[in-house]
Amino acid sequence: MEENKKGMQSLRQLYRIGRGPSSSHTMGPEYSCKEFMKMNPEADSFRAVLFGSLSRTGVGHGTDKVIKETFSPKNCEIEFDYSEEELPHPNTIDLYAYKDGIQTDKKRFLSVGGGEIRCETVKFEDAPTIYPIASFEEISDYCYDEDIHLWQYVEQIEGEEIWEYLAEVWAQMKQSIKIGLKAEGVLPGGLHVQKKARQLYRQQHVDESSETRENRTVCAYAFAVSEQNADGQTIVTAPTCGSAGVMPSVLYYQQKKRGFSDTEILHALAVGGLVGNLIKTNASISGSECGCQAEIGSACAMAAAALGELFKLDKSKIEYAAEIAIEHHLGLTCDPICGLVQIPCIERNAVAAMRAINSVNLASFLSESRKISLDNVIEVMRKTGLDISNRYKETSEAGLAMLTVK
């Protein structure tokens, strides 16, 4: 394999604690507005023009709401531009500053996924690239040579302080589940989607098998987090808001069932994050760039790798589990109805959580017979994402988004 010259940022840039329902559509624009206000402290009003996916699904995702709230108490006029096609990124936003009715500044920001932003004319101080390599093969070889686990490699690169941060991440993940399991009512946005996590968790059948109970419980946890996200509450991107329910549901279920310690869970989060970082660096975790395969597919791969670490599988089996998880999400379109992270997004979190568990079970039996690598499948995901029509990448113009909801 040709040597990979890329590096990767800290897991702190992947696991972000923030408000849903979309890291690209709420977190990114919020950060953009905050940066723009810092650049223009004397401005008395602002204007935001949303392009691409931000214009087509911005209302459903609450982009306009978060922008107004971020600029408040100063006024911000919001426009949706559906015409411009040649964009530097599907999530593009132009921000204007005014003083006494006169324009004083304009900047174009890009919400590139996972809450990260770029500006075309201003160079932000990027989070440093701390991982020297960005391929699973090279990382695995290094760990074999040094006789260390994957989580120990993360600690070696990030320092021991990463565990304190991941402890905060895990605490928020559990909090999202616990709150979501108690929540009732209808999700905002106009689809009148009823919150179902509480019902799923409590609706036990008399003759329920252990397998059915596991599926129901894991799904309830995934629904709980996803419904919190759809309701604009605080969650952890893993790797995005729209896929935030997969990792917590799988890990929380296993901790409750098998009694894994928080330390073991943090090690699993590190390994899952390592896989998410590889996908983010070599492909994409943005639904507007590569479809839902980049969000739910990535989350499923992260959860599979994390679960493999919990079960003390070797590196080859962990790699195979993550590979299976991505492989069977390839080509998945991002087509939320009305642009809301509700249908089919919430159910997809639950399905992906169960698939992550199945991927680990399959990998534990068949890893010796596998023919392709995780790095190969990540590259295939990237190319597949580039080939997917923009109509199927978070624009609500095709796929399930064309359906009329009763």
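Find out how many positive minus negative residues lie around L374, taking Lys and Arg as positive, Asp and Glu as negative, among other residues whose Cβ is under 11 Å from that of L374. Working shown, then result.
Details: positive: K315, R370; negative: E137, E319, E323, E327, D375, E379.
Value of the local net charge: -4.
Tell me, which cysteines of the chain are without a disulfide-compatible partner by the Cβ under 4.7 Å rule?
That list is C33, C76, C119, C143, C219, C241, C290, C300, C338, C345.
Can you return the lysines within cross-link range of K99? Criterion is Cα-Cα under 27 Å, with same-chain partners fewer than 8 residues away left out.
Straight-distance partners of K99: K34, K38, K65, K68, K74, K107, K123.
Let's test the formula: R0 of 41 Å, r as the Cβ-Cβ distance of K38 and R391. What FRET efficiency results, to the nearest 0.05?
Values: r = 36 Å, r/R0 = 0.88.
Step by step, r from the Cβ atoms, then E = 0.70.
Of V59, S369, H329, which is farthest on the positive side of the dipole of the chain, counting Cα position, with +1 on Lys and Arg Cβ, -1 on Asp and Glu Cβ, and the Cα centre as origin?
Final value for the positive-end residue is V59.
If amide hydrogens are placed 1.01 Å from N in the peptide plane, which non-local residues have theirs closer than 5 Å to the one on I78?
The answer is A48.
Take K106 and E77, extend 7 Å from each Cα along the Cα→Cβ direction, and tell me the distance between the two endpoints in nm.
1.3 nm
For the full complex of protein chains and a 1.4 angstrom probe, list R118, R391, R16 by accessible area with the highest value first. Numbers along the way, then the final one.
Working: R118 85, R391 110, R16 40 Å².
The ordering from most to least exposed comes out as R391, R118, R16.
Give the percent of DSSP beta bridges with both residues in the chain that are antiparallel, rounded to the nearest 5.
Numbers: 26 of 34 bridges.
Of the beta bridges lying entirely in the chain, close to 75 percent run antiparallel.
Using amide H atoms built in the peptide plane, which far-off residues or other-chain residues are under 5 Å from T104 H to H?
A97, Y98, K99
Which angle between 0 and 90 degrees, to the nearest 10, do you get for helix 374-387 versus the longest principal axis of the chain when only C-alpha atoms count?
Approximately 30 degrees, to the nearest 10.
What do you reckon, how do E168, E309 stack up by accessible area (1.4 Å probe), largest on top? Walk me through the numbers before you get to the answer.
Details: E168 95, E309 15 Å².
Descending accessible area places them as E168, E309.
Using 0.36 nm times the number of residues separating K65 and K383, minus their current alpha carbon distance, what extension gain do you get? Can you show the working numbers first?
Details: separation 318, 0.36 × 318 = 114.48 nm, distance 3.39 nm.
In short, 111.1 nm is gained.
For the chain, what does -39500 (n - 2.57) per DSSP helix run (n ≥ 4), summed and divided by total residues, give at 222 nm, in deg cm²/dmol to the nearest 500?
Numbers: 15 runs with 201 residues, N = 406.
So the helix-based figure for the chain works out to -16000 deg cm²/dmol.
Which net charge results for the neighbourhood of N277, defined as the other residues with beta-carbon distances under 12 angstrom from its beta-carbon, given Lys and Arg at +1 and Asp and Glu at -1? Before the final figure, lay out the partial values.
On the way: positive: K6, R12, K280; negative: E158.
Once all neighbours under 12 Å are counted, the net charge is +2.
Solvent-accessible area per residue for the chain at a 1.4 Å probe radius, Å²? Spell out each step's value before the answer.
Values: 17100 Å² over 406 residues.
On a per-residue basis, 42 Å².
Please check: in the Gaussian network model of the chain (C-alpha springs, under 10 Å), which one of P336, P41, P188 has the largest mean-square fluctuation.
Answer for the Gaussian network model of the chain: P41.
Round to a whole number: what % of the accessible area of region 182-314 belongs to carbon and sulfur, probe 1.4 Å?
Numbers: 1980 of 4370 Å².
Within region 182-314, the accessible surface is 45 percent carbon and sulfur.
How far apart, in nm, are two points set 7 Å out from the Cα along the Cα-to-Cβ line at D262 and at R213?
Once both label points are built, they end up 2.7 nm from each other.
From the backbone phi of region 204-220, what are the Karplus-calculated ³J(HN,Hα) couplings (6.51 cos²θ - 1.76 cosθ + 1.60, θ = phi - 60°) in whole Hz, Gly and Pro given as x?
Per-residue couplings from phi come out as 8, 8, 4, 9, 5, 6, 5, 5, 5, 5, 4, 4, 5, 5, 4, 5, 4 Hz.
Along the charge dipole of region 265-317, Cβ charges K/R +1 and D/E -1, which of L266, C300, L278 sits furthest on the positive end?
L266
Evaluate the distance, in nm, between pseudo-label points positioned 7 Å from the Cα of E164 and of E85 along their respective Cα→Cβ axes.
About 5.2 nm, to one decimal.
Accessible area of D231, 1.4 Å probe, to the nearest 10 Å²?
Taking all protein chains as shown, D231 has close to 50 Å².
Around R198, with a cut-off of 12 angstrom between Cβ atoms, what is the net charge of the other residues, counting Lys and Arg +1 and Asp and Glu -1?
Values: positive: K178, K182, K195, K196, R202; negative: E184, E227.
That sum, taken over residues with Cβ under 12 Å, equals +3.
The values are calculated or read from the model by the stated rules, or taken from the named source; none is laboratory data. Fair warning: this is a prediction, and the values are worked out from it, not measured in the lab. We place every Cβ from the backbone using ideal geometry, glycine too, and count neighbours over all the protein chains shown. Ligands, DNA and RNA are excluded from the accessible area calculation, which covers all protein heavy atoms including side chains. Shrake-Rupley method; radii C 1.70, N 1.55, O 1.52, S 1.80 Å.
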